[in-house]
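Each value in this text was obtained by applying a stated rule to the coordinates, not by laboratory testing. Source: prediction; values computed, not measured. All Cβ positions, glycine included, derive from the backbone under ideal geometry; neighbour counts span all protein chains shown.
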Amino acid sequence: MSIFCTSMTDSLTRVLVRHPSIGFVSQSFLDERWKDFGYLECPDYLQACRDFDEFVAVLERNQVEIDFLEGVEKSSPDSIYVHDPAETIGNALLLCRMGKHLRRHESERFSTFAAEKNIPLLGEITGPGLLEGGDIVWLDNKTIAVGEGYRSNRSGIDQLEKLAAPFVDEVLRVSLPHWRGESDVLHLMSLISPVSDRVAAVFRPYLPVPFLQELERREFTLIDIPEDELDTLGCNILPLGRNVCVMANGNPESRRRLESAGIAVETYPAAEISMKGQGGPTCLTRPLVRRARPTTSTSRQLLRA
C-alpha cells in the first residue's frame, strides 16, 4: 500500500480507523475498564458502534477510502483513537511512544499493520522520549508544529526532528499549558485545527504568544472557537480538503463561524465515541493519503473575507 501525507488540509483520500466493535470489545469490557482509561462516562457499546458507522459514512460520502485497524490483542477503549500511536510523514509511518502509559503498547499494532500492507517505517520514538500524534500539526508541507507537554516531551520531539528531516525543513516547538493536569488530555490539536490552506480554528487563550505571532507571520486566518465549546470538541476538526471538514455535533457556534469563513461542515453523533473519551474526529482517524487540489479563487475570497 502506498501512503503519503505532508499536510493536514490537502484532500483526504485514504484513512485508517478502528471500529468500536474491536476497540471497545463488549459492553462488559467497557463496564470494567472505562474508569481506568479516564473516560468521563461508560460508553454504550451498541450505540457507539452505530454512531461510528455514521462517522464512517460521512467519510465515504466524501470519497475517502477506509482501512480498518484490526487485531483484538491488548485492546482498550482508547484504541479507537488511532491518530496518536503513529504519524504519517511523507511516504512512511513513524511509530510514536505514548505519554499515556496504558496506551504505550498500541504502536505495536501499527507496526504489524505496516508490515501487512508493505508500508515503510520511518522509525520509532524510544524512551525516555514521548510523542503522540495529537501534538503534531502540519502548518505547511515543510513545517511541523509540535506541542511539548505531558504527552510529548523534549526527547520525543528531538527524535522526531531527526527522523522527519528528509521531509520537514522546520519543527516548531509549542509549550502547552498545565490545563487540568497530567491525567487529562491536552494535545496541541486540542487548541488548533488547520481547516484549509493557512486557515485554522483555534482556542486562542491557551496558545502561547510566540506561536500565535508565528501564525500571524505566516498569514494564517484564525477562526476563534468559543470557550463553552472547547470541552465539546469544537476545536477538534478533521479537514477533508476542498474546504470541507468534519466536526462533532453539538457545537453550533463553532460551526457557524467555520461556515461564515467558507468552510462546509459535516457532523456526526459524537456522544458515545467522542465526548465520553474526549477524542474528536481527528483522534478517530489516522490519515494515510492526502492529495493537493487547487483552491478556487472564489473559495480564497470567502476564506479571507
**Item:** the chain: antiparallel DSSP beta bridges as a percent of all, rounded to 5
**Value:** 50 percent
**Prompt:** How large is the helix-only mean residue ellipticity at 222 nm for the chain, computed as the sum of -39500 (n - 2.57) over DSSP H runs with n ≥ 4, divided by its residue count, in deg cm²/dmol to the nearest 500?
**Reply:** -7000 deg cm²/dmol
**Request:** Between beta-carbons, use under 14 Å as the cut-off and find the net charge around Arg33, counting Lys and Arg +1, Asp and Glu -1.
**Result:** 0
**Message:** Using a Cα-Cα cut-off of under 17 Å, which aspartates and glutamates could be cross-linked to Lys100, ignoring same-chain neighbours fewer than 8 residues away?
**Reply:** Asp36, Asp78, Asp84, Glu87, Glu108, Glu124, Glu132, Asp135, Glu148, Glu182, Asp184
**Asked** Just in the range 12-68: which GluC sites (Glu not before Pro) are loop by DSSP and have at most 13 other Cβ atoms within 10 Å?
**Response** Glu41
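Quick check for me: using +1 on Lys/Arg Cβ and -1 on Asp/Glu Cβ, what's the dipole size of the chain about its Cα centre, in debye to the nearest 20? Present the calculation step by step, with values, prior to reporting the outcome.
Working: 34 positive and 44 negative charges, 153 e Å.
Result for the chain is approximately 740 debye, rounded to the nearest 20.
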**Request:** State the answer as a single residue: which of Ile237, Leu222, Thr267 lies farthest towards the positive end of the charge dipole of the chain, with beta carbon charges of +1 for Lys and Arg and -1 for Asp and Glu, about the Cα centre.
**Result:** Leu222
**Prompt:** For Lys162, which lysines qualify as cross-link partners when the Cα separation must be under 17 Å and same-chain residues fewer than eight apart are set aside?
**Reply:** Lys142
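Neighbour counts of other C-beta atoms within 10 Å: give me Glu182, Glu272 arranged from fewest to most.
Listing Glu182, Glu272 from fewest to most nearby Cβ atoms yields Glu182, Glu272.
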**Asked** Counting Lys and Arg as +1 and Asp and Glu as -1, what is the net charge of the other residues whose Cβ lies under 13 Å from the Cβ of Tyr268?
**Response** -3
**Hull-based mean projected area of the range 21-174, where the convex hull spans the alpha carbons, in square nanometres** = 9.8 nm²
**Message:** Test of understanding: ordering His187, His178, His19 by Cβ neighbours within 10 Å, fewest first, what list do you get?
**Reply:** His178, His19, His187
**Request:** In a Gaussian network model over the chain where Cα atoms closer than 10 Å are linked, find which of Gln159, Gln63, Gln213 has the largest mean-square fluctuation.
**Result:** Gln213
**Fill in**
For the chain, the Cα-Cα pair-distance distribution in 20 Å bins from 0, as whole percents, is 36, 61, 3
**Complete:** Rounded to the angstrom and largest first, Cα extents along the principal axes for the range 208-296 equal 39, 31, 24
**Request:** Using label points projected 7 Å from each Cα along Cα→Cβ, tell me how many nm separate Lys142 and Ala165, to one decimal.
**Result:** 1.7 nm
**Request:** Would you mind computing, in nm to one decimal, how far apart the modelled labels at Met1 and Ser175 are, each placed 7 Å from Cα along Cα→Cβ?
**Result:** 4.0 nm
**Asked** If you take the charge dipole of the chain about its Cα centre, with +1 on Lys and Arg Cβ and -1 on Asp and Glu Cβ, which of Ala292, Leu94, Pro252 is farthest toward its positive end?
**Response** Ala292
